[in-house]
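Written below as structure tokens is the structure these notes are about.
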Amino acid sequence: MMSGGTTVPLERNTVRFIDNFSAGTRGSASAEYFLEAGYQVIFLHRSKSLEPYTRHLVGRNFLDMLEILPAHVGVKESSQTELRRLGEMYQLHKTNLVMISFNTLSDYLWLLQAAAQEMHVLGPMALLYLAAAVSDFYIPVSQMPCHKIQSSGGPLSLSLQLVPKMLAPLVTTWAPNAFVVSFKLETNEKLLESKSKESLERYHHHVVIGNLLDSRKNHVIMIDRRSSNTEDIRLTNEDVANGVEIESRIVENLKSRHDHYYANHKTG
């Protein structure tokens with residue numbers, strides 16, 4: 001699993017960089033549901049982005065949950081139920097979870113290749129879930145200044161190059177039998193389905209999950225290489241009120257597709 005955004009340094013000794021919009025919400029939530037579904041998860045994530053289980057505590061001061069007494073330190077009664085639940089889930093699944101962090105675009109690309117090549121031996125049992133927000137543009141090292149760009153030089157003009165697309169070698173060479181899932185984020189609803197289908201046709205992987213920036217937490221579309229039909233996954237108002245996360249539905253859907261793919265691959 002890949003999760004979180006990537007940075008593009010502007011200098012070799014990096015002070016400034018271009019960043020991608022992503023807190024790692026989709027990836028960290030999905031990791032929990034994949035673990036619950038019985039998968040072993042290699043969680044490749046942006047450093048300091050959200051992580052499985054601890055994501056539920058973000059935005060709160062952990063020290064406020066503690067009760068300091070003369071003889072010991074405990075957890076306040078108001079926080080015990082939640083922390084016990086999270087702790088039990090983590091203890092149950094931690095032996096099936098490996099977490100590795102990255103920061104830069106080059107870190108991400110290297111880890112993606114290394115992980116995919118190692119998973120090659122798993123054949124159709126492997127599932128690659130590419131939920132990271134990867135930069136489309138970068139500055140080659142040969143074109144970077146060595147030291148901090150000085151503002152005294154006047155306005156800054158950047159020339160960015162297109163990032164090489166890694167889906168093609170991943171699907172054809174690094175892990176050719178793995179079940180590969182990618183994401184397509186758009187801001188224009190009219191482009192979402194066509195761009196998602198275009199990605200499948202270009203790279204010949206298995207599923208594209210399309211989502212819009214302003215509705216990504218409640219609605220996605222699933223497009224499978226085997227079918228031209230688009231499947232909607234949408235949370236109802238009742239789902240939202242009950243705390244249902246759309247990632248639970250996404251993982252449930254993908255597990256069914258992956259099981260079908262694996263069964264066909266074994267008999268195929």
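Throughout, read-outs are computed from the coordinates displayed, never taken from laboratory work. These numbers were taken from a predicted model, which means no experiment stands behind them. Here the Cβ positions follow ideal geometry from the backbone for every residue, glycine too, while neighbour counts run over all protein chains shown.
Considering only Cα-Cα distances, which of the following residue pairs are longer than 22 Å: 165/195; 190/217; 184/266? Spell out each step's value before the answer.
Working: 165/195 15 Å; 190/217 19 Å; 184/266 29 Å.
Where the Cα-Cα span goes over 22 Å, the pairs concerned are 184/266.
What size of dipole, in debye to the nearest 20, comes out for region 75-144 about its Cα centre when the only charges are +1 on Lys and Arg C-beta atoms and -1 on Asp and Glu C-beta atoms?
Values: 4 positive and 6 negative charges, 45 e Å.
My answer is approximately 220 debye.
Could I get the Rg over Rh figure for region 1-135? Both from C-alpha atoms, Rh via Kirkwood, rounded to two places. Please list the in-between numbers first.
Values: Rg = 17.7 Å, Rh = 16.7 Å.
Using Cα coordinates only, the ratio equals 1.06.
Roughly how compact is region 43-123, stated as its Cα Rg over 2.2 N^0.38 Å to two decimals? Don't skip to the answer; put the middle values down first.
Numbers: Rg = 17.7 Å, N = 81, 2.2 N^0.38 = 11.7 Å.
My calculation over the Cα atoms of region 43-123 gives 1.52.
How high is the relative contact order of the chain, given as a whole-number percent (alpha carbon pairs under 8 Å, six or more residues apart)?
Details: 407 pairs, mean separation 53.1, N = 268.
Here the relative contact order equals 20 percent.
What do you get when you divide the Cα radius of gyration of region 70-179 by 2.2 N^0.38 Å, with N the number of residues? Show your work: numbers first, answer last.
Details: Rg = 22.1 Å, N = 110, 2.2 N^0.38 = 13.1 Å.
That ratio works out to 1.68.
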Taking every Cα atom in region 1-69, find the radius of gyration and the maximum pairwise distance Dmax, and write them in Å.
15.7, 50
Translational diffusion coefficient (Stokes-Einstein; Kirkwood radius from C-alpha pairs) of region 191-258 at 10 °C, 1.306 mPa s, in µm²/s
126 µm²/s
Roughly how compact is the chain, stated as its Cα Rg over 2.2 N^0.38 Å to two decimals?
1.13
So the pair-distance distribution of region 128-268, from every Cα-Cα distance in 10 Å bins, comes to percents of 9, 32, 29, 17, 10, 3, 0
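If you take all C-alpha pairs in region 150-221, what percent of them are over 19 Å apart?
Details: 1313 of 2556 pairs.
Here the long-distance tail beyond 19 Å is 51 percent of all Cα pairs in region 150-221.
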Is there a quick way to get the dipole size of the chain? I mean about its Cα centre, with the Cβ of Lys and Arg at +1 and of Asp and Glu at -1; what is the value in debye to the nearest 20?
580 debye
Kirkwood Rh and Cα Rg combined as Rg/Rh, region 96-144:
1.04
Taking 16, 46, 249 and counting other beta carbon atoms within 10 angstrom, the fewest-first order is 16, 249, 46
Enumerate the amide H contacts of residue 67 below 5 Å, restricted to partners 5 or more residues apart or on another chain; note that Pro and chain-start residues carry no placed amide H.
74, 75, 76
